1. Checking the table Lys65/Lys123; Lys39/Lys65; Lys33/Lys65; Lys39/Lys123; Lys36/Lys84 against a 27 Å threshold on Cα-Cα, which pairs fail?
2. With N set to the residue count of the chain, report its C-alpha Rg divided by 2.2 N^0.38 Å to two decimal places.
3. Can you tell me the 0 to 90 degree angle between the C-alpha axis of helix 63-76 and the longest principal axis of the chain, rounded to 10?
4. Name the chymotrypsin sites (Phe, Trp or Tyr not before Pro) in segment 1-82 that are in a loop by DSSP and that have at most 14 other C-beta atoms within 10 Å, would you?
5. Per 0.36 nm of contour for each residue apart, how much would the distance between Leu93 and Ala120 grow if the chain were fully extended, relative to their Cα-Cα spacing?
Amino acid sequence: MPKSEDYEVGYRKPPVQYRFQPGQTGNPAGRPKGSKNLKDTLDSVLETKVPGTLNGRRTKVSATKAVLTVQVNKALTGDRGSAKLILDLKQNLDAMVAAHDPGFQISPELRRAKDAAVLAAFKASIQGVEPVGKA
């Protein structure tokens with residue numbers, strides 16, 4: 001910090017004694033009321049309704065449902081990245097629910113059966129065969 005006698009006062013260089021007032025913040029107005037943070041903005045964007053086709057019919061669905069449907073369809077056509085994304089998301093959601101609800105437990109047998117069904121459908125879709133139980 002230059003000494004006051006060496007300090008040149010000028011444009012954007014206030015006198016040293018007036019530079020920083022005690023107890024005064026650098027952002028007196030603060031964040032405007034009503035401005036949204038990233039989470040609120042993302043939530044509102046994902047809740048918007050977008051046109052889409054579901055079971056052969058044009059309808060409006062939430063952006064979240066549209067994105068998830070696209071990722072699941074891509075996973076079923078053999079896109080490994082989408083498959084990993086969807087399976088990781090499901091695993092993380094199950095872990096979060098289990099952490100918040102101790103009564104939520106899936107038996108190992110049921111989990112294996114569900115996993116086997118998902119893998120069979122995935123394998124069948126890669127090979128171009130209609131999975132058992134699908135019409």
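1. Working: Lys65/Lys123 24 Å; Lys39/Lys65 18 Å; Lys33/Lys65 31 Å; Lys39/Lys123 37 Å; Lys36/Lys84 32 Å.
From Lys65/Lys123; Lys39/Lys65; Lys33/Lys65; Lys39/Lys123; Lys36/Lys84, over 27 Å: Lys33/Lys65; Lys39/Lys123; Lys36/Lys84.
2. Values: Rg = 28.2 Å, N = 135, 2.2 N^0.38 = 14.2 Å.
Rounded to two decimals, the normalised Rg is 1.99.
3. For 63-76 against the chain, the angle is about 50 degrees.
4. Working: sites: Tyr7, Tyr11, Tyr18, Phe20; in loops: Tyr7, Tyr11, Phe20.
Here the sparse-neighbourhood loop sites are Tyr7, Tyr11, Phe20.
5. Working: separation 27, 0.36 × 27 = 9.72 nm, distance 2.21 nm.
Result for the pair: 7.5 nm of gain on full extension.
Bear in mind these aren't lab numbers, they're just calculated from the coordinates by the rules spelled out. Computed from a predicted model, the values in this text were never measured in an experiment. Here the Cβ is made from the backbone with ideal geometry for all residues, glycine too, and neighbour counts use every protein chain on show.
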